[in-house]
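Below: the structure, in structure tokens.
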Amino acid sequence: MSDAWAAVERLGRSPIASLFETEPDRLDHLTLDACGLHFDFSKTHLSAAHLDAFAVLAEAQDLAGARETLFTGGLANPTEGRAAEHTAERGEGAAGSVEQARQFHARTRTLIDVIEAEAFGPVRHILHVGIGGSALGPELLIDALGRDAGRYDTAIVSNVDGAALSQAVKGFDPDATLLIIASKTFTTSETMLNAASALQWMQENGVGDPYGKVIALTASPDRALEFGVDETRILPFSETVGGRYSLWSSIGFPAALALGWAAFEEMLEGAAAMDRHFRRAPIAENAPVLAAFVDRYYANIAGAETRAVFAYDERLRLLPSYLQQLEMESNGKSVRLDGSPAGRATAAITWGGVGTDAQHAVFQLLHQGSHLVPAEFLACIEPGHTLAPDHHDQLLGNCFAQGAALMAGRSSDDPHRCYPGDRPSSTILLDRLDPRTLGALLAFYEHRTFANAVLLGINPFDQFGVELGKEMAKAIDEAEPESFDPSTRALLERAFPLPEGMIE
Ligand code: F6P
């Protein structure tokens, strides 16, 4: 492997603009279409020689073998001793897992029918409590596709800050509210506290049987039962589906409810199309793999510490935060699968925003700042509204202009007005945003994240890094301040002074 990395590292770097001259067929090789996505990474520093060298690295890292392990339910997550089977939720995976996912989906669908038949009385509000992967996916789907659906008022509450929950239920009629508790483990303290407070809110506002309005989405059905959720309202999913890969499972329930089952199924189909593309397309035409080459080039060869994603589409405004969890929780690691040091930068820091807003806030740094930031622009050809075409013309015009300006730059005798240029970007252009293309887009990012991990030799499916903070928070909760450093103790004493007269 180190030979293959050394071969990539040895290659020189030419200005992007010059690559269009030296590689006349560059657009043919560095743009491709897959599952409704047009991916253009021609405005990056990757040359044909880089693509060849990365392809050799992919082979040295046995990307094809790792991919088969993923798709056949093998031990893709060895540090936790299990498979990673989110693709089975979309129908692409080991036969038994696909069948189990199909049965779980059927259960979800039945419950949606029951709700729509008003078995819970007239439901107008959905209160979903969950955090991380148990919130970000459904929230993104509903925000992106549910703006006109208007079936239910849905609030997704993740933060344990009570301000989030109390704001969310303002204007909700507790009698017409369903409470969804989403937690893979059904132990996450923020979610459990929010769930308890939501139940209390229902009770205090006259709901006779608040537990009768609870639906649990979890891979730990026993814990949900113990919590008091009726068995018929527990929607399970497999332990082998990771939290940040779980929106395809019953965790997507509020989205399926808000958008309708047909739309949810189309989203699964869009993702399945991307699964097949990733599994079968040769490397030179494989969108997630090529995107991972871009990521590795900037993180490992060019030394970029971050990557920025800008959605030139209001409906995708939550995509950057969704990707932050997907990419940073998956690949924010420092050791390889065998426990040895990773030896090179792993996940870049993902950040971003929405265009055109971000142009007036952070783009200064992209154009003239001292950091190299590979930018990624996303846009849809079809607008998501019916206002005058000027809006969309201006939006897309701005999106394309930014990529062009970053690359071209402009010289000036005045150093303050000089744009160095040669700054990289890639563009993902969707014909339209619908359940199918959004499914394909999110699956594209999942597989890109996986391909990055394989190139690095790390495990993208565990997240031990989040455990220490959780343990320490528990220690604070259980009043063990003496186990903390002086600074933390002083903060604790200031925030939680001991009642007068009490000696520690
Ligand atoms: O703390 C990290 C994490 O475990 C994420 O991976 C996960 O998406 C989130 O917490 C929520 O976990 P759960 O669904 O078990 O409540």
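Observations
- Given (1) within 30 Å of residue 147 (Cα to Cα); (2) not in a helix (DSSP H, G or I), index of the condition residue 344 fails: (1)
- Any hit, the stretch 54-61, residues being in the same structural domain as residue 23 (by TED's automatic domain parsing) and charged (D, E, K, R): yes
- Unmet requirement for residue 123, which otherwise passes all of (1) modelled with pLDDT of 95 or more; (2) surrounded by 15 or more Cβ atoms within 10 Å (Cβ to Cβ); (3) among the aliphatic types (A, V, I, L, M): (1)
- Here the stretch 186-199 is the region considered, the condition is being open to solvent by 60 Å² or more (accessible area, probe 1.4 Å) and more than 12 Å from residue 157 (Cα to Cα), and the residue that is farthest from the ligand (Cβ to nearest atom) is 189.
- Pairs are defined by a Cβ separation below 9 Å, a sequence spacing of at least 6 or placement on different chains, a first member in the stretch 467-481 that is not assigned by TED's automatic domain parsing to the domain that holds residue 332, and a second member that is exposed (fewer than 10 other Cβ atoms within 10 Å of the Cβ); the pairs so defined are 481/504.
- In this structure, residue 84 does not satisfy being open to solvent by 50 Å² or more (accessible area, probe 1.4 Å) and assigned to a loop (DSSP other than H, G, I, E, B).
- The helices (runs of 4 or more DSSP H) falling completely within the stretch 431-504 that include 1 or more residues that are away from the ligand (no atom under 16 Å from the Cβ) and modelled with pLDDT of 90 or more map to 435-456, 486-495.
- Beta carbons closer than 8 Å, at least 6 apart along the sequence or on distinct chains, pair a first residue in the stretch 239-256 that is open to solvent by 10 Å² or more (accessible area, probe 1.4 Å) with a second that is within 11 Å of the ligand (Cβ to nearest atom) and of a type in the set (Phe, Trp, Tyr) for 242/461.
- Failed criterion for residue 89 (all others in (1) within 21 Å of the chain's Cα centre (by Cα); (2) open to solvent by 20 Å² or more (accessible area, probe 1.4 Å); (3) of a type outside the set (A, V, I, L, M) hold): (2)
The values are calculated or read from the model by the stated rules, or taken from the named source; none is laboratory data. What you see is a predicted model, and the numbers here were worked out from it, not measured in a lab. Note that each Cβ is placed from the backbone with ideal geometry, even for glycine, and that neighbours are counted across all protein chains shown. These accessible areas exclude ligands, DNA and RNA; they are computed on the full protein's heavy atoms, side chains included. Shrake-Rupley method; radii C 1.70, N 1.55, O 1.52, S 1.80 Å.
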